[in-house]
1. So, by mean Cβ neighbours within 10 angstrom, what's the order for 53-61, 16-24 with the highest one leading?
2. Quick one: what are the phi-derived ³J(HN,Hα) couplings along region 168-179, Karplus 6.51/-1.76/1.60 with θ = phi - 60°, whole Hz, x for glycine and proline?
3. Under 5 Å between amide H atoms, partner at least 5 residues away or on a different chain: which partners does Val32 have, H built in plane at 1.01 Å?
4. Name the long-range amide H neighbours of Glu215: under 5 Å, sequence gap of 5 or more, or other chain; modelled H, no Pro or chain starts.
5. Given H placed on each backbone N at 1.01 Å, which residues far from Asp21 in sequence or on other chains put an amide H within less than 5 Å of it?
6. When a footprinting reagent is the concern and you count Cβ atoms within 10 Å, what order do Arg108, Arg78 take, fewest first?
7. Starting at 0 and stepping by 10 Å, how many percent of the alpha carbon pairs of region 1-154 end up in each bin?
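Throughout, read-outs are computed from the coordinates displayed, never taken from laboratory work. Remember, it's a predicted structure, so these values are computed and weren't measured experimentally. Virtual Cβ from ideal backbone geometry, glycine too; neighbours counted across all protein chains shown.
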Amino acid sequence: MNTIIRTHGLTKTYGRVHALDGLDLEVGAGDVHGFLGPNGAGKSTTIRILLGLARRSEGEVTVFDEDPWQAASRLHRRIAYVPGDVSVWPNLSGGEAIDLLARLRGARTRDPAYRAEKTRLMEAFQFDPQKKGRSYSKGNRQKVALIAALAVPADLYILDEPTSGLDPLMEVMFRREIVRVRDAGATVLLSSHIMSEVEQLCDRLSIIRAGRIVETGTLAELRHLTRTEISFDAAADDALAEGRARFTVDSDRVSGVLPELARRGVEGLRIEPPSLEELFLRHYGDDLDALENGAARPEALTRRARKEQGARP
């Protein structure tokens, strides 16, 4: 596998605080790779290092086999980046802002091919390019960055909560565009809190916690680490009470259960593999339990989130 992004033992410290604590991440060429974790886990710090906006403290990091800190200017010609909170120039129109961002990546904005692609994307995302930046909602500011990123072909797209503020219809358009760039051979690193988005788009995913990768693989591979729920109409089995029978089984043993269910002639059989949310909560469920039970005070959680994000206390 040709690796586009590789980190090994990547560490980023701010004083005594470890924002990244030995992060190992590999993103293969042509993959859409999901990068999951809550706020404060280290996602944004990782992305800043990959973009050459922050310098690693220790460890190794390469993008296209180059050090992003040393080769940031050259790499940025091959990378399209969309953050989750976009700011635009208040006195520029949306169209002018898109053109400016495209020129920063080396695009010739008078090129007919660029203009045609920009127009196609503005129509797809239902974007009005005439309004000034000061009048745009969060969703429209997000569209500026998305259209600018997608209008100029890139080898690598780094997307950090790219659909933040978009309505469901625009999220569908975004997914179609990511499939398009992937099919054209590009690589995508997608950080998102929208689990359905990651499930639909990503070939592989990595879950980060406290600055380290705690799980990585395809969704199918990760599902084998959890349990699958099986249910059927209990009334079809004389040994069970009426209603719906449910039980869970290790995901890699489902095929061994099916012959017995067939022998019993069960009806209404449903097999539900674990969702991405369930996989995610395998690593963060204790945090959720602490919040629900009141065991963790909000200010304590805030301090921990700041510590994991690398902010100074």
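1. 16-24, 53-61
2. The phi angles translate into x, 5, 5, 5, 5, 5, 4, 4, 4, 5, 5, 4 Hz.
3. Excluding prolines and chain starts, which carry no amide H, the hits are Val188, Asp203, Arg204.
4. Ile207
5. Lys12, Arg212
6. Ranked by crowding around the Cβ, least crowded first: Arg108, Arg78.
7. Each 10 Å bin holds this share of Cα pairs: 10, 33, 31, 21, 5, 0.
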